[in-house]
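First comes the structure, then the notes that go with it.
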Amino acid sequence: PFILLDIGCSGGISPFWRVFEPSLIARGIDPVVPECERLNAKEDNLNIRYLPRFVGLPEDHPFVQRRGRREPWGGNPWNRLSSKTAFEFLQSTTRKEDKLAILNDWQTSGLTDLKTKLQVDVLIKEEKLSELDFIKVDVDGYDLDVILSGEEVTRCSPVLGYTLEVN
């Protein structure tokens, strides 16, 4: 099997990964509970499940301690990108009930409890995915926290690589 961990899976596992079916085993992780419920309800592949969780580092991790109260997205170029203008246009022309699907409005959309935040290493053990092949990360700022939370699995498993969506 090809085993994928998709952290920040709003919208579902990309068709890009479906090329590995029927051997694809995947877990999509997203903090928006209704989105995970929607994705699980429409998923045909029994080896793919969506879990409503936050993934990252515990507050006592040295990396988090060194960062202190600073947000992880310092230097974000968002205000200089054409994406910002497109986002604002879509936001002004989209019905409220459609915003989650179109604009990824996760901050106001039924989030799971932040206290359930897990490290990738713990999640892999819970889901019995020790032969993990690939990790996709799209968490809008805390990407490095997610990567560092999977140090053990990256070192000990046959992880082939990561893909990151960052600004």
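The values are calculated or read from the model by the stated rules, or taken from the named source; none is laboratory data. What you are looking at is a predicted structure, and each value in this text was computed from that prediction instead of being measured. Here Cβ is always computed from backbone atoms with ideal geometry, including for glycine, and neighbour counts include all displayed protein chains. Ligands, DNA and RNA are stripped out before the accessible areas are found, and what is left, the full protein with its side chains, is counted by its heavy atoms. Shrake-Rupley method; radii C 1.70, N 1.55, O 1.52, S 1.80 Å.
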(message) Just to be sure I understand, how many residues within the range 134-167 are in contact (Cβ under 8 Å) with a residue 40 or more places away in the chain, hydrophobic (A, V, I, L, M, F, W, C) and out of contact with any helix residue (DSSP H, G or I) (no Cβ under 6 Å at 6 or more places or on another chain)?
(response) 4
(message) Considering only the range 47-64, I want to know if a residue exists there that is among the acidic types (Asp, Glu) and surrounded by 10 or more Cβ atoms within 10 Å (Cβ to Cβ).
(response) no
(message) Just the residues that are open to solvent by 40 Å² or more (accessible area, probe 1.4 Å) and more than 20 Å from Pro72 (Cα to Cα), please, taken from the range 135-167.
(response) Glu152, Thr154, Arg155, Cys156, Pro158, Leu160
(request) Scan the range 123-132 residue by residue and report those that are in contact (Cβ under 8 Å) with a residue 60 or more places away in the chain and open to solvent by 20 Å² or more (accessible area, probe 1.4 Å). (result) Glu127, Glu131
(request) Assess whether Lys115 counts as being at pLDDT below 85, open to solvent by less than 70 Å² (accessible area, probe 1.4 Å) and part of a helix (DSSP H, G or I). (result) no
